[in-house]
Structure formats: structure tokens, C-alpha cells
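Since the structure comes first, as C-alpha cells, the remarks are kept for the end.
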């Protein structure tokens, strides 16, 4: 058990000196014991370290909604609305504004619903772990685990957090999801195992030392999540929008030039420009794309697939050949240090 007033080390400090710690020393440093933590101490550590899950940034719903008014196509629609207002064509102005707001509402609604489906699916797929609290074994959600918890790892279990094995028989762990190794690796007492690995043989107890974003899996996921890329779909839409914008601007300048040359009234010229801009803008395209991608995400969620970005649905649909090794792990074909050698 732990003294509630004692100061616990950070998980990064523990991981940095892991090679020099035995199971007993790690247990002492985490101020734990083979009997596990008390319920009170577990709650205190949960507040200190946070939940054992990957943090997700929850952006402002207002900013997300306003983002649908940003881009080449929305700007072209706004330009058409501005010209309609200048000309006093208020019915046309109202129609254009309604289409603009409708696109934003439909896109926001579909993406928000897709996010709710993802959240519900993640909750349904929550991993359970067997942990020792108050000296008794009990089953809890893996997100409630904290450093210092003693867990039991059995065949078929997904290792819920980075942990060090205590006394017991050797186990075989499938680390293919992390390292690409095709065969299970044998681990004995004193070895470290990483979250996301799967126990293929044996049973042993372990003490957790890193959870959530501090774990090896969490750090790898953060690197992937922080990588900013533009999807093929976004590139295609931007090319179409830019192409239409260039055509509209060139034709608008041509109409204005001809109008000045013929000494036509400015209002007549602006009316022609308005017709051109409205005709050049695919006002329904953003809404159609959002609805289509959201429907695809919904169908994938029904098959237990988690889609975190709607644009990824189109990316997967555009794959012609998918190459993987026999474990199903996507690799680059080069050997890199595994989980244990990086700690």
C-alpha cells in the first residue's frame, strides 16, 4: 500500500531507469505491493496520472461549425451573396445564404453524428483488466488502471499498459502490432511488456509503470496523430475549387472589360458577373461529400471499424493494392529497435 502523502515519480522517470530496476525495486519506487493498491490510493493516482487511454483533443463545436465557412467554395458562395446584396437581388441573396448555411449545417451534423458513433463504439470495445485492489482480484476497465497497479495477464489478454513482469512462469507475447515481429516473444519475470501486445501463452502477474500517453503505444500513437497530411479527397476538392475559381475570375474580368468597352451600365455588368459566379460554384458539393462520407463511416462502424476522420473513408476506398506481411502488420520493410530496447 502507499502513503497518501508521499510524492510519486513521473512515468517518464520510471521508464528512463527501467533497465536498472528489478521487479521489487520498481514496486518500491511506485510505492506499491504485491497486494495491490487501495481503492482510495487508486483514485488519487487516477487524478495524478489521468485515465489509461489516449488523450483526444475535443475542439470547440462552434469553431468546427465555422470551419465549414472557410475554403475556396464557401468564399465563392459568399462573393455571389455579396454581389446579390449590392444589386438588391434579395431573393437571390436569401437563397444563396440559405444554401451556404445548409451546407455547413449538414456537414457539421453528419461529422458530429459520426463522432458519436465512434465514441459509442470505443466504449463498447473497452478492454477489461484483472487488477488487485484491497488485496482482492477484480475486473475493471483498462482505462481505470494507474501506475503501481498489480494486474494478472492471461492467455488471450491484451496487455492494458506498460508493465514489468513479477515472479511467475515465462509467457509468450505477440508484439506484432508494435514491432512487426511475426512470432511471439518469450518474456520472463523482470522483463517489461508493452501495452497493445497480446499474451499468447502462459499466465503471470505484472506491475504497471506507464499508462495512457506515457506508454510506448501512447507515444507511438501521438506521433501518428500529430502528423498532418492532406488526403487525396481534400486535394481533389481543392483542385476542382481552384480550377473553377480561376475560370470564374478570368471570365468575370472579361465580362467587366467588355462592359467597360461597350459603356454598359455597371449594374448590368454586375448582374452578368453574379450569374457567372453562381453558375460556377458547386454549392451542393460540400454537403453531398459530407453526407456520403458519414454514411460510409456509419457502415464501417456497424462492422466494428473505428473511423476517426471522415476523409479516411475515401482514402481507404481509393486503395487498389494493400500490401502487408503475414501477421497483418503494415511495415516499411526495415528493422528498427523494438519496445524493450527503447526503454
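Here, each number is a calculation from the coordinates, and none is a lab measurement. Because the structure is predicted, anything quoted here is derived from the model rather than measured. Cβ sites come from the backbone with ideal geometry, for glycine too, and all protein chains shown count toward neighbours.
Hey, fewest Cβ within 10 Å first, where do 32, 214 land in order? Before the final figure, lay out each step's value.
Details: 32 25, 214 20.
Sorted ascending by nearby Cβ count, the order is 214, 32.
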Which order do the peptides 67-74, 234-241 take when ranked by the mean count of other beta-carbon atoms within 10 Å per residue, highest first? 67-74, 234-241
Calculated Rg and Dmax of region 138-227 using C-alpha coordinates, Å: 12.6, 40
